[in-house]
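Comments concern the structure below.
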Amino acid sequence: MAEQQKLERLLAQGKISRREFMTRMSALGLVVVAPSLINSPAYAANKGGHFKIGIGHGSTTDSVDPSTYLHTLTQTMGMGLYNYITKVDHKGNAGLELAKSIESTPDAATWTVKLRRGIEFHSGKSLTAEDVIASFNYHRSDESKSAAKALLKQVKEIKADGKRTVVFKLDAGNADWPYIMSDYHIGIMPSKDGKLIDPTSGVGTGGYVLKKFDAGVKVELTRNKNYWKKDHAHFDSIEMLSIKDVAARTNALTTGEIHAMDRCDLKTVHLLKRNKDIVIQQKTGTQHYSIPMITTVAPFDDNNVRLALKHAVDREALVKTVLRGYGQVGNDHPIGPAQKYFNKELPQRAYDPDKAKFYLKKAGMTSLKVDLSAADAAFAGAVDAAVLYKEHAAKAGININVVREPNDGYWSNVWMKKPWGMCYWGGRPTEDWMFSVAYSETASWNDSFWKHDRFNKILLQARAELDDGKRRQLYYEMQEIVSNEGGVLVPMYASYVYAMHKSIGHGEISANWDLDGNNALERWWFV
């Protein structure tokens, strides 16, 4: 333990590199998450002010309960209210947040988390291991509908070892477990007698305290004056406004009604760039736009139909027209080109009406008529993308009827309910996480209701595989299976493009989620 503390001190002082730290820790027989420097000053930031941000999401069905978070508004709110065991930094590494240290057995099947001292919830209650256990178990319960439930199925047991140590025992090794603990659903909340006190209260250990939650309209927050991260959470108060119409959002920013907005209109972002008071942020991470088909419903239960639809879209035209070049073509799987195990060998699917006709013929059809639900709530330009797709598919004898759905309630009334619709994903930091949350047959957000025995088998294999070469082969195969047999069309990867007034200061911007990795509230300040 003394040697570990010495190495942590050398890393914090910049006397050894992160790579050298991990190498020397491995020599001690431990897999260890390198300590994060999140609580050390990295920049000089001003405190104070009332920050207003316009978000292109929000619904009357939204809740403060972290298990329900679906979109940027609730995710970003959650990052302000709660802390997590780990947090992904701007380089894509899983650093420590509530954890003081994290250690693993050599097989990565047992993980020991030691919590920081002196951390309090907004209610004044001190953070303990029992709070962490109750927060994780909330998502694991039989009645839970949390999207994190699928991620946590691998957990066999969680137990406390004293007041500030939590031991996670997994059913198999998972080298990515530190990333899983950063999931935005698993904010740590206060407990009593082994159960959460109230998951809808918004009480956490985060930099902001919930003042008002008006679902689909507005969220009001005030700064936590006792926040344990002294160099974070700079604003005195915050208003998060649900402004789903992008023109209204843009107008609010240019007239000074708000200080920042997400999801710029890519058709007009060049005009915003001319405004000397506005700064545009563009970050390319794992965000991708998708068109899931419910594979238990005809005609999408036939993979030949799915392949016909995948060949009937002109991806390059969508990137050029809808994204205005702020992205790149997708290949019908969710793993981004910047990710570690991206399959570079998989042939890129191209627009080919003749091949689409070929697969229709294999399905016993000469033509196809099908409804496609679309709303810009899915992503900015989703309706335009659907209309363009309709034009592309017509050349293959496919008649797509674009059904324009209301923005409000799109995620609760259309997504995973209508057979075919537009969708977006912020992606996930690791391949296992992305596949587990949206492609595993048991995943709550498997929005194509797709099941594939081989895929589900090697998903578990890859998670426990510690040999990097073997792990790469498995993830390559999984991407190929999803691309060729999955129920999701992924035509393009999209950059995060958002805007802020020049009065907003910030450090290095993260790209793992929108709005600085969902951390805008905690990391930004007024200059």
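Laboratory data are not the source of any read-out in this text; all were calculated from the coordinates shown. Source: prediction; values computed, not measured. Don't worry about glycine lacking a Cβ; one is built from the backbone with ideal geometry, like all the others, and counts go over all protein chains shown.
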TODO: For PHE235, enumerate residues with amide H under 5 Å from its amide H, sequence gap 5+ or separate chain, H modeled in the peptide plane.
DONE: GLY48
Open item on the list: Order 382-394, 107-119, 269-281 from most to least packed using the mean count of other Cβ atoms within 10 Å.
Closed with: 382-394, 107-119, 269-281
- [ ] Kindly give the semi-axes, whole Å and largest first, of the ellipsoid equivalent to the chain, taking each as the square root of 5 times a Cα gyration tensor eigenvalue.
- [x] 37, 29, 21
TODO: Report ³J(HN,Hα) in whole Hz for each residue of the range 110-124, in order, from the Karplus equation J = 6.51 cos²θ - 1.76 cosθ + 1.60 where θ = phi - 60°; Gly and Pro get x.
DONE: 10, 10, 10, 10, 9, 8, 5, 8, x, 9, 10, 6, 4, 7, x
TODO: Note the angle between two axes, namely the Cα long axis of helix 453-464 and the longest principal axis of the Cα atoms of the chain, as a number of degrees from 0 to 90, rounded to the nearest 10.
DONE: 30
Task: Degrees between helix 72-81 axis and first principal axis of the chain (Cα, 0 to 90, nearest 10) - done: 10
Open item on the list: Can you give me the long-range amide H partners of SER373? Hydrogens built in the peptide plane at 1.01 Å from N, cutoff under 5 Å, separation of 5 or more residues or another chain.
Closed with: VAL403, TRP420, GLY421, MET422
Task: Ranked packing of 358-367, 70-79, most packed first, by mean Cβ within 10 Å - done: 70-79, 358-367
Open item on the list: Using only the alpha-carbon atoms, what does the range 62-116 span along each of its principal axes? Please give whole angstrom values in decreasing order.
Closed with: 41, 23, 22
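For the range 288-494, give the share of DSSP beta bridges that are antiparallel, in percent and rounded to the nearest 5; count only bridges with both residues there.
Around 60 percent of the beta bridges assigned by DSSP in the range 288-494 are antiparallel ones.
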- [ ] With +1 on each Lys and Arg Cβ and -1 on each Asp and Glu Cβ, and nothing else charged, work out how big the dipole of the chain is about its Cα centre, in Debye to the nearest 20.
- [x] 860
Task: Where GluC sites (Glu not before Pro) fall in DSSP loop in the range 149-246, at most 13 other Cβ within 10 Å - done: none
Open item on the list: List the GluC sites (Glu not before Pro) within the range 240-346 that DSSP assigns to loop and that have no more than 12 neighbouring Cβ atoms inside 10 Å.
Closed with: GLU345
Task: ³J(HN,Hα), Karplus 6.51/-1.76/1.60, whole Hz, each residue of the range 245-256, x for Gly, Pro - done: 6, 5, 5, 5, 4, 5, 4, 4, 6, 5, 8, x
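Take every DSSP beta bridge with both residues inside the chain and express the antiparallel ones as a percent of the total, to the nearest 5.
Looking only at bridges with both residues in the chain, the antiparallel portion is about 75 percent.
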Task: Inter-probe distance in nm under a simple model that places probes 7 Å from Cα toward Cβ, at GLU257 and GLU508 - done: 3.7
Open item on the list: Show me the trypsin sites (Lys or Arg not before Pro) within the range 125-171 that DSSP assigns to loop and that have at most 14 other Cβ atoms within 10 Å of their Cβ.
Closed with: LYS145, LYS163
- [ ] Taking the chain as the reference, fit the longest principal axis to its C-alpha atoms, fit the long axis of helix 353-362 to the helix C-alpha atoms, and give the angle between the two in degrees, 0 to 90, nearest 10.
- [x] 80
